[in-house]
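The structure appears right after this line, and notes come after that.
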Amino acid sequence: MKTLTIRDRTSMQKIIRRLMSGCLLIMPVAVQAGSQPPTIQLFPTTVLEEIKHTGDVAAQMETGLQSVIGRLDEQQKLYMQSKCEGNEGDPGCERIARQMGKSYLEMLAIMGDRLPEMETAVNNTSASLEKRLRSELGQKRTSWTLQELLVGAQSDSANKADRPVLRGRSGMRLSDRFHQYYKLVAHSGGEANSSLAVIASDIYLDMQETSRLIASTREEISRATLMEQLNQSFGTITPEMQEVVAGVKSILFGEDEALMPMTAPPASQPAPVDESPLTL
Amino acid sequence: MKTSRTSTLTTLAALAALSTLLAACNANPPRASACTLPEGHNLERAISAARFDLTTGCEQQFDEYFQRLLVIAEGDPKKDNKVAFSDFLIWANEEGLLSKRQARELYTRYFGVKYVTLISDYSVCAQTCPRQQEVMREMNRELVDKEQGLLKVSADQREYYRANRLFQETELVLDATCEACGPVE
């Protein structure tokens with residue numbers, strides 16, 4: 001009999017974690033950015049609507065998964081409290097194991113149902129952002145003027161501690177990062193263009209990655225479902241199941257705490273230094 | 001007769017000696033520099049010595065002198081050092097050792113937040129993306145120079161933080177923009 005291996009479930013768990021955290025809190029950015037239209041057109045209404053829709057779809061998926069995750073959590077607790085580990089032949093333990101397997105299958109089914117819609121939403125958003133980035137930053141600007149745009153942002157918000165943490169560098173969960181984006185956009189005025197360039201880049205790259213993850217997840221779901229169905233028919237519960245429950249919990253409830261970002265601006269604000277006439 | 005000639009010769013010799021002595025006492029004698037890089041820990045004195053050498057035959061070694069001055073300044077990091085280097089580069093431009101553009105770029109490379117690596121005339125898609133990796137490597141080298149200029153020489157942590165932040169934001173935005181621009185044709 002072939003059962004799901006630790007590697008299978010761990011990889012599935014990683015995919016789910018990244019997928020969920022990448023999409024859950026997109027919505028606040030969309031809503032807030034909509035009230036402060038930028039001068040450079042990175043977030044026109046159409047893009048904002050697509051981001052909002054993607055956030056809605058992600059939220060629905062989260063809602064659907066949350067209850068099944070909660071159930072898996074309870075089942076795992078029961079399994080542990082009943083000292084079923086190493087005692088798999090026990091009929092009571094076998095029953096709990098089957099229930100866990102059913103919940104796991106349910107989780108896979110929910111994801112299978114929701115993912116196509118999410119994939120479409122993410123791909124649409126990604127395509128729209130791509131078009132805006134190409135036009136507004138890639139074609140209308142040189143690398144020097146792009147840099148000036150970014151430096152402008154630094155001057156405008158030099159004292160703000162809530163600038164977005166950059167993608168892939170901080171170890172911070174994506175959802176936290178989106179929350180930071182939200183705060184940044186919420187507190188900046190019309191001069192937020194440069195920050196929006198960073199945010200747009202960040203969201204676009206995340207969308208691209210999410211799109212790839214969705215595609216690979218969809219491929220995995222069928223296989224994982226088949227494996228778990230086999231598991232069910234033989235009434236096997238494996239320790240890997242516990243890992244899945246723990247992993248998915250961390251996806252939704254954020255048990256992976258953030259490593260804090262790179263550097264932070266110095267607390268004190270020194271007096272302006274003599275500006276050289278050579279400064280570019 | 002013989003006595004008179006001897007006396008004249010003695011006078012001439014005395015005059016020659018006096019003239020040599022006066023020349024030796026001149027505070028700024030015209031001499032060729034040995035192009036010895038400045039030593040010590042006093043930046044002001046080192047700059048003064050460098051100025052002298054650079055106008056007396058050592059122009060070709062401008063870069064070496066500039067680097068030595070940076071190292072000397074590291075011994076006493078302070079924000080005023082920025083001004084000293086700015087003045088030095090302005091002087092170098094006025095003396096014709098550097099063009100105005102070279103002086104600006106050199107100053108910005110070490111003491112500015114912006115990256116001279118990113119100076120370009122054409123769009124990001126057309127000019128920067130095709131050599132994105134090379135641009136990032138060059139920016140990284142420039143960041144090292146900014147670390148020396150802003151942190152080690154000028155003790156200006158805030159500006160160095162901004163330069164570091166700008167590096168990371170540029171990397172992110174270029175990643176996204178170049179991805180959006182599509183493959184290089």
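Nothing in this text is a laboratory measurement; each read-out follows from the coordinates by a stated rule. None of the values given here were measured: they were computed from a predicted structure. Cβ coordinates were reconstructed from backbone atoms using ideal geometry, including for glycine residues, and neighbour counts include every protein chain displayed.
Worth a mention:
- The set of residues from the range A:126-139 being at the interface with chain B (Cβ under 7 Å from one of its Cβ atoms) and either outside any helix (DSSP H, G or I) or surrounded by fewer than 22 Cβ atoms within 10 Å (Cβ to Cβ) (or both) comprises A:Glu130, A:Arg134, A:Gln139.
- For the range B:41-116, the helices (runs of 4 or more DSSP H) that sit wholly inside it and include 2 or more residues that are within 14 Å of chain A (Cβ to nearest Cβ) and farther than 29 Å from B:Glu169 by Cα are B:80-94.
- Residues in the range B:164-185 that are at the interface with chain A (Cβ under 7 Å from one of its Cβ atoms) and of a type in the set (Gly, Ala, Ser): B:Ala176, B:Ala180.
- Residue that is farthest from B:Leu89 (Cα to Cα) [pool: residues in the range B:134-174 that are assigned to a helix (DSSP H, G or I) and either among the small types (Gly, Ala, Ser) or touching a strand residue (DSSP E or B) at 6+ places or on another chain (Cβ under 6 Å) (or both)]: B:Ala163
- Filtered by the rule that a residue be hydroxyl-bearing (Ser, Thr, Tyr) and under 30 Å from the mean Cα position of the chain (by Cα), the range A:80-106 gives A:Ser103, A:Tyr104.
- Qualifying residue in the range A:71-78 (condition: surrounded by 17 or more Cβ atoms within 10 Å (Cβ to Cβ) and either outside any helix (DSSP H, G or I) or among the basic types (Lys, Arg) (or both)): yes
- Matching residues in the range A:200-226 - criterion: being hydrophobic (A, V, I, L, M, F, W, C), more than 12 Å from the chain's Cα centre (by Cα) and surrounded by 16 or more Cβ atoms within 10 Å (Cβ to Cβ): A:Ala200, A:Ile221, A:Ala224
- With respect to the conditions (1) within 12 Å of chain A (Cβ to nearest Cβ); (2) among the β-branched types (Val, Ile, Thr); (3) closer than 19 Å to B:Ala46 by Cα, B:Ile119 lacks only one, and its number is (3).
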